[in-house]
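Structure, as structure tokens:
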Amino acid sequence: MAAKIKKGDRVVVLTGKDKGKSGDVIRVLPKEERVVVGGLNMVQRHTKPSQLDPNGGIKHKEAPLHVSNVALVDSKGKPTRVGFRTEGDKKVRFAKTTGEVING
């Protein structure tokens, strides 16, 4: 199945503690059907001191969100669903709200 959300896309969170916030996708995990959005869904990780990190302590990092809990942002700044169509011999993604082709 083709990816509706890709790395670098601007998305908005639909549910959860960061509902309504938007950010850029920094990583896609297709096998787990999850995406990592920069600066959102932050969790704390308690780490022991090691040779790579001699201080250890509490680290903050982004946790993955399920792909169904995020929606792509269209050119008008609204959440939209993604569709596919062929233009010429290329398959392209388009925003269902505006009908515009999504670059990438």
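Bear in mind these aren't lab numbers, they're just calculated from the coordinates by the rules spelled out. The structure presented is a predicted model; accordingly, all values stated were derived computationally and were not measured. Ideal geometry is used to build each Cβ from the backbone, glycine not excepted, and the neighbour counts take in all protein chains shown.
What is the list of residues in the range 45-71 whose amide nitrogen lies under 13 Å from a point 7 angstrom out from the Cα of Glu32, following Cα to Cβ?
Within reach of a label on Glu32: 62-67.
Which lysines have a Cα less than 16 Å from the Cα of Lys91, not counting those fewer than 8 places away in the same chain?
Result set, ordered by chain and number: Lys4, Lys6.
Pick out, in residue order, every one of the GluC sites (Glu not before Pro) in the range 1-80 that is DSSP loop and has at most 13 other C-beta atoms within 10 Å; say none if there are none.
Within the range 1-80, the qualifying GluC sites (Glu not before Pro) (loop, at most 13 other Cβ atoms within 10 Å) are Glu32, Glu33.
Within a 10 angstrom radius of the beta carbon, how do Arg93, Arg27 rank from fewest other beta carbons to most?
Arg27, Arg93
For the range 78-103 and the range 41-63, compute the distance between their C-alpha centroids and round to whole Å.
Answer, in whole Å: 39.
Among the lysines, select those whose C-alpha is under 28 Å from the C-alpha of Lys48, and discard any that sit fewer than 8 residues away in the same chain.
Candidates past the 8-residue exclusion: Lys17, Lys59, Lys61.
Which whole number in µm²/s is D for the chain by Stokes-Einstein, with the Kirkwood Rh taken over Cα pairs at 25 °C and 0.890 mPa s?
Answer, rounded: 161 µm²/s.
For the range 31-78, what ratio Rg/Rh do Cα atoms give with a Kirkwood hydrodynamic radius?
1.18
Quick check on the range 1-50: take the gyration tensor over C-alpha atoms, sort the square-rooted eigenvalues as a ≥ b ≥ c, and tell me if it's rounded (a/c under 1.5), prolate or oblate.
oblate
So what is the relative contact order for the range 48-104, in percent, with contacts set as C-alpha pairs under 8 Å and at least six apart?
Here the relative contact order equals 18 percent.
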